[in-house]
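S.K.: I'd like to ask you about the structure that follows.
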Ligand code: FEO
């Protein structure tokens with residue numbers, strides 16, 4: 001972050017932490033650019049509030065940042081928009097110093113604060129839709145925004161400054177040394193999309209409800225709790241609209257794994273054939289690919305094609321893992337095909353097809369080949385590809 005006062009709006013200060021070294025989140029999401037835990041200090045003429053805290057281990061840094069503006073002991077409120085420890089994990093340290101501060105959270109949020117952080121009843125303030133707290137010349141309003149991505153999540157809105165504190169919503173996992181999104185450059189949008197895929201895509205109905213509320217508010221700034229602040233939020237709101245309910249692209253994601261080249265030979269024909277039909281196609285070899293990129297491309301893809309050899313009567317473990325993510329992460333383009341190869345007994349295609357169908361996918365075609373594919377198998381791979389391409393062309 002730049003040195004000096006990080007006042008993003010009158011009386012609104014960034015007091016967070018950039019975690020440059022963190023490389024994984026939720027024990028499976030790679031963080032090539034680290035992440036930030038954004039905490040915001042709101043100072044009114046009578047009272048003050050801290051919105052969200054930081055990951056455990058950074059309590060000292062948070063308290064030092066607050067001290068630049070206000071003695072932490074004087075805090076009146078700690079607002080918990082979300083109970084996940086990357087934002088709420090330092091609440092015990094803050095409440096220990098700010099002895100008179102009350103914790104403000106949603107109905108489910110206060111229960112979670114009690115369960116996870118041992119915040120006693122007498123220090124809780126439970127808020128609901130449109131409740132406010134007055135800080136003196138500043139009013140903070142609370143907006144229910146459940147399931148983004150936990151049940152207790154809510155937003156806080158600074159009504160005077162028109163700043164929306166959205167916690168994970170509109171977040172991105174990155175450190176850049178920049179406070180504002182427009183200072184970050186081209187890296188931000190793909191990272192915001194990857195974040196959306198991993199955190200918000202499974203909850204697209206809640207995302208749409210929240211978007212409708214955000215659009216009514218017409219915030220002038222959006223201050224999420226990961227990544228940069230948006231001082232011109234229209235673009236990120238429009239991207240969320242597109243990702244959550246916009247038309248899908250004429251795009252197919254092909255994900256595959258191959259042990260001896262047979263499944264890969266089929267993949268090459270499938271990829272080339274779909275591409276020859278004027279449909280964008282993105283192949284991912286799971287042996288060397290990051291599944292978070294797969295999920296990111298599936299945000300607006302119309303179809304997915306999955307290939308795997310048979311291993312121990314089922315699919316290769318990498319294909320099983322990827323298919324589980326595809327089937328359970330709220331992918332909107334629910335057209336699929338499955339292919340693979342086997343030596344002496346099949347099973348991969350059956351296993352993957354069953355999982356995708358359970359996830360609501362329509363299986364357009366399935367192809368399982370014994371041994372190295374021959375001319376007739378490549379012809380079948382072409383018909384599978386044409387079926388996918390036709391379906392995508394007709395759907396979009
Ligand atoms: Fe960034 Fe759901 O915590």
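The values are calculated or read from the model by the stated rules, or taken from the named source; none is laboratory data. Bear in mind that the values here come from a model prediction, so they are computed numbers and not experimental data. Using ideal geometry, Cβ is built from the backbone for each residue, glycine included, and neighbour counts are taken over all protein chains shown.
S.K.: Hey, any hits in the stretch 109-123 for a residue that's in contact with a strand residue (DSSP E or B) (Cβ under 7 Å, 6 or more places away or on another chain), surrounded by fewer than 16 Cβ atoms within 10 Å (Cβ to Cβ), in the same structural domain as residue 16 (by TED's automatic domain parsing) and more than 25 Å from residue 64 (Cα to Cα)?
M.R.: No, every residue in the stretch 109-123 fails to be in contact with a strand residue (DSSP E or B) (Cβ under 7 Å, 6 or more places away or on another chain), surrounded by fewer than 16 Cβ atoms within 10 Å (Cβ to Cβ), in the same structural domain as residue 16 (by TED's automatic domain parsing) and more than 25 Å from residue 64 (Cα to Cα).
S.K.: Shifting gears a bit: Scan the stretch 212-231 and report the pairs whose first residue is without any contact (Cβ under 8 Å) to a residue 24 or more places away in the chain and whose second residue is not in a loop (DSSP other than H, G, I, E, B), with Cβ atoms within less than 7 Å and a gap of 6+ or a chain change.
M.R.: Once the first residue is without any contact (Cβ under 8 Å) to a residue 24 or more places away in the chain and sits in the stretch 212-231, its partners that are not in a loop (DSSP other than H, G, I, E, B) give 215/237.
S.K.: Where in the stretch 81-191 are there strands (runs of 3 or more DSSP E), lying fully within it, with 3 or more residues that are more than 13 Å from the ligand (Cβ to nearest atom) and more than 21 Å from the chain's Cα centre (by Cα)?
M.R.: Hits in the stretch 81-191: 102-105, 124-126, 132-134, 139-144.
S.K.: Also, quick follow-up: Quickly run through the stretch 376-395 and pick out the residues that are in contact with a strand residue (DSSP E or B) (Cβ under 9 Å, 6 or more places away or on another chain) and either modelled with pLDDT under 95 or under 11 Å from residue 266 (Cβ atoms) (or both).
M.R.: The answer is 377, 380, 381, 384, 385, 395.
S.K.: If residue 150 meets every condition in (1) farther than 22 Å from residue 93 by Cβ; (2) touching a residue at least 24 places away in the same chain (Cβ under 8 Å); (3) out of contact with any strand residue (DSSP E or B) (no Cβ under 6 Å at 6 or more places or on another chain) apart from one, which number is that one?
M.R.: Looking at each condition in turn, residue 150 falls short on (1).
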